[in-house]
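Values in this text are rule-based calculations from the coordinates and carry no lab data. Keep in mind the model is a prediction, meaning the values are calculated, not measured. When we count neighbours, we look across all protein chains shown, and the Cβ atoms used for this are built from the backbone with ideal geometry, even at glycine.
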Number of protein chains: 2
Amino acid sequence: MQNSERIIMAHGAGGAVMGTLIERFVLPYLGGFQTEVGLEALDDAAVVGEVVFKSDSHVVRPIFFPGGDIGRLAVAGTVNDLAVLGAEPVALGCGFVLEEGLDFSDFELVLESMKTSCDEAGVFVVTGDTKVVEKGALGGLVVNMSGIGKRSKALAHNLAVVRKCWRNFDARWVLDKNLRVGNKIILSGTIGDHGLAVLSAQEGLTFGSKIASDVKPLNHMIEQVLEVGGVVSMKDPTRGGLANALNEWSVKAKVGILVHEENIPIRNDVRIGCEMLGIDPLEVGNEGKIILGVEDEMTNDVLAVLKRTKEGKDAEIIGEVTDEFSLVAMKTVVGGRRILPMPVGDPVPRIC
Amino acid sequence: MQNSERIIMAHGAGGAVMGTLIERFVLPYLGGFQTEVGLEALDDAAVVGEVVFKSDSHVVRPIFFPGGDIGRLAVAGTVNDLAVLGAEPVALGCGFVLEEGLDFSDFELVLESMKTSCDEAGVFVVTGDTKVVEKGALGGLVVNMSGIGKRSKALAHNLAVVRKCWRNFDARWVLDKNLRVGNKIILSGTIGDHGLAVLSAQEGLTFGSKIASDVKPLNHMIEQVLEVGGVVSMKDPTRGGLANALNEWSVKAKVGILVHEENIPIRNDVRIGCEMLGIDPLEVGNEGKIILGVEDEMTNDVLAVLKRTKEGKDAEIIGEVTDEFSLVAMKTVVGGRRILPMPVGDPVPRIC
């Protein structure tokens, strides 16, 4: 970034380039509010008083892709960002930026999909705004979705179970920084599906079978997991993929993470698609999936409940938190160990 | 709109065309939540439990204009939408959609301006998101600003004063629909400044003197007014201008409004600029101004306090609420009466 004085696509792709932009420009001007979880936490959502609050913009291109569309992405994205903190979504606010020339029928399809996704999540849009810009490079529309949530009913129980295992635990929410040595890492399902589905739609590619996005609201699945208890931290590995999410976690919680490559669920067609394109499935952005840091003794119980849900049926324990090192390492299929670095940027642009 | 099956600029310009889009497409899919002030209220913000919630997207072009920029507009816009409901802004959420090629120095100027505006309003950004899109027609960036607020400290006093004058008054917030026959209409200052300032920047025009935007957070001014009491309803006459705001008010509250043209404060250079361009200053979008519906007996007290503030020094009583008719009428300078219709769309596109 030091050689560039302009915004490039990588500034919006998750990963190290975006991280530098946030730290160099955004935090110095906009940070500073003393609240339980504020801007500096760079967590999935903020906590102000008893309100969990999140704002997200969606620019995916094309706006329709196998398995989803920009409307579903916006609803699920905000719902999931609230849910992974331990919140129940209460209401959404929706700002549309429409491009001149957008077909009413396409706009209506997006609205219909938002409605379906809201129904699935059990949440409503209560406020909004509509703007129109001249035809350009948006590809139809941008959806800005903000949301407010309140403490999930099961959160207190979940935290009580954590405290049985970890006496000094004092967090009131399931925050990134909570992760500690000895926790197990669970991934709720296969990775790469969403990124490859959007890429196939962007480039008109097909990979033998049809790869579809798994974008969906996960708040009900997360609620069931919290009812089991023992979850210390949750994240959704969206832009920058699993590699980015694990590295962010490691830095924020100041711990090492060891993942086992053979345990990471990846669909075979996604793996082949990534190989054909020369991209790393660990760096491709996901939707519809979360990673959980769980107290060791609760791991099997949490996994069993996850596997009984439709969204979490492919869940696996993919690794553990360690003090052997302070970065993310991967035990590869062939038995070696390698560092899993923070990606520079998601290899697939505008996937969410 | 019936002849068009595509989005046109007027769909984002306030006024009747936008209203039809919202009613035909957005409300049928996204409405329906049973809450104190929801999407159907089409008010400035929503109320969910004790949280006031608002989401707004900003697409002004150019991003810098005399008197302001997109960052100041976004902060002030959301702060003011919360404040006119009777809420004190608590926290903001900010989503940036940056265009590839945007200069870091321009981004930094926007952030600096947001910081200044947040400081003025006494509010912080606590959560956010950054996306990047290919270079197109955005003109640099889009800013999506959501906000949450809580009941203003002075709101209870204000409502108590209203109830002294109006026994059946039972609203807990300063809503559009509260307006009733006998209320006076106060405008907090001159209209047209912002729209003309943006237009001059869009078209490279100058109108003799320099017309600057008056965009600013108004929450402190509004708090002082609520401390006087007797305010039943407030609106900010942004897109679609004063004509749009008055018509919306009349429809929602099912009352007639009579305004006196000679009492509407308009700067002379703004009036001349509008005449040169053949546009109606009553239909040009504003920032930094509000209209208030006030119980008759409190009107002079409210006006006096407004005039003592920097933001409200040019405030005037511009009309009254009547049951003589059920639309908006204007007593013109030459003494006649004419209907002031709902504008089709703001004559100046992308002003906020």
Chain B: antiparallel bridges as % of DSSP beta bridges, rounded to 5, reads 80
With +1 on the Cβ of every Lys and Arg and -1 on the Cβ of every Asp and Glu, the dipole magnitude of chain B about its Cα centre, in debye rounded to the nearest 20, is 640
Charge tally for neighbours of A:VAL47 with beta carbon under 9 Å away, counting Lys, Arg as +1 and Asp, Glu as -1, is -2
So for segment A:190-299, using the alpha carbon gyration tensor with a ≥ b ≥ c as root eigenvalues (a/c under 1.5 gives rounded; past that, a/b versus b/c decides prolate or oblate), I'd call it prolate
Sorted shortest first, the nm distances from the B:PRO62 label point (7 Å along Cα→Cβ) to its counterparts in the other copies are 3.7
For chain B the mean separation of alpha carbon contacts under 8 Å (6+ apart) over residue count, i.e. relative contact order in percent, is 24
Whole-Hz Karplus couplings 3J(HN,Hα) for segment B:88-105, θ = phi - 60° and coefficients 6.51, -1.76, 1.60, Gly and Pro as x, run 9, x, 10, 7, 10, x, 10, x, 9, 10, 9, 9, 3, x, 4, 5, 3, 5
Distance in Å, no decimals, from the C-alpha centre of segment A:140-182 to the one of segment B:309-352 is 50
Placing each pseudo-label 7 Å from Cα in the direction of the beta carbon, A:SER209 and B:ARG337 end up separated by a distance in nanometres of 7.4
In debye to the nearest 20, the charge dipole size for segment A:9-151, taken about the Cα centre with +1 at each Lys and Arg Cβ and -1 at each Asp and Glu Cβ, equals 200
By the C-alpha gyration tensor axes a ≥ b ≥ c (rounded if a/c is under 1.5, else prolate when a/b exceeds b/c, else oblate), the shape of the protein assembly as shown is prolate
Sorted by chain and then number, the residues having a modelled amide H within less than 5 Å of the amide H of A:HIS58, at least 5 places away or on another chain, are A:VAL143, A:ASN144, A:MET145
Length gained if A:GLU324 through A:ASN268 is fully extended, taking 0.36 nm per residue and subtracting the Cα-Cα distance, is 16.9 nm
Dividing the helical contributions, -39500 (n - 2.57) per DSSP H run of n ≥ 4, by the residues of chain B yields a 222 nm value, nearest 500 deg cm²/dmol, of -9000 deg cm²/dmol
Put in order of increasing Cβ neighbours within 10 Å, starting from the fewest, A:THR190, A:THR206, B:THR78 give A:THR206, A:THR190, B:THR78
Here the FRET efficiency for B:TRP166 versus B:GLU5, based on Cβ atoms and R0 = 60 Å and rounded to 0.05, is 0.80
Taking N as the residue count of segment A:1-88, its alpha carbon Rg divided by 2.2 N^0.38 Å gives 1.26
Counting sequence-distant residues (5 or more places) and residues on other chains, those with an amide H built under 5 Å from that of A:GLY67 are A:SER213
The rounded separation in angstrom of the Cα centers of segment B:65-85 and segment A:264-281 is 46
Given backbone amide H placed at 1.01 Å from N, residues whose amide H is under 5 Å from that of B:SER152, ignoring those fewer than 5 places away on the same chain, are B:ALA87, B:GLU88
Residue by residue through segment B:245-254, the couplings from Karplus 6.51 cos²θ - 1.76 cosθ + 1.60 with θ = phi - 60°, in Hz, x for Gly and Pro, are 4, 5, 5, 4, 4, 4, 5, 5, 8, 6
Output field shielding_mean for A:20-31 (other chain Cβ, 10 Å radius) holds 5
Distances in nm between the label point of B:ASP301 (7 Å along Cα→Cβ) and its equivalents in the other copies, shortest first, are 6.1
Answer in debye to the nearest 20: the dipole magnitude of segment B:175-276 about its Cα centre, from +1 Lys/Arg and -1 Asp/Glu charges placed on Cβ, is 340
By Cβ neighbour count within 10 Å, fewest first, B:LEU218, B:LEU30 rank B:LEU30, B:LEU218
Given the candidates A:ALA243, A:VAL133, B:LEU85, the one whose Cα lies deepest towards the positive end of the charge dipole of the protein assembly as shown, counting +1 at each Lys or Arg C-beta and -1 at each Asp or Glu C-beta, is B:LEU85
With N residues in segment A:9-151, Rg(alpha-carbon) / (2.2 N^0.38 Å) equals 1.10
So, in nm and shortest first, the distances from A:ASP323 to its counterparts in the other copies, with label points 7 Å along Cα→Cβ, work out as 7.8
Simple SL model, points at 7 angstrom along Cα→Cβ for B:GLU23 and B:GLN224; separation in nm is 3.9
Phi-derived 3J(HN,Hα) across segment B:148-153 with the Karplus relation (6.51, -1.76, 1.60, θ = phi - 60°), rounded Hz, x for Gly and Pro, is 10, x, 10, 3, 5, 4
Taking Lys and Arg as +1 and Asp and Glu as -1, residues besides A:ASN244 with C-beta under 12 Å from its C-beta add up to -3
A student applying the Cα gyration tensor rule (rounded when a/c is under 1.5; otherwise prolate if a/b is larger than b/c, oblate if not) would label chain B rounded
Per-residue Cβ contact counts at 10 Å, fewest first, order A:ASP296, A:ASP69 as A:ASP296, A:ASP69
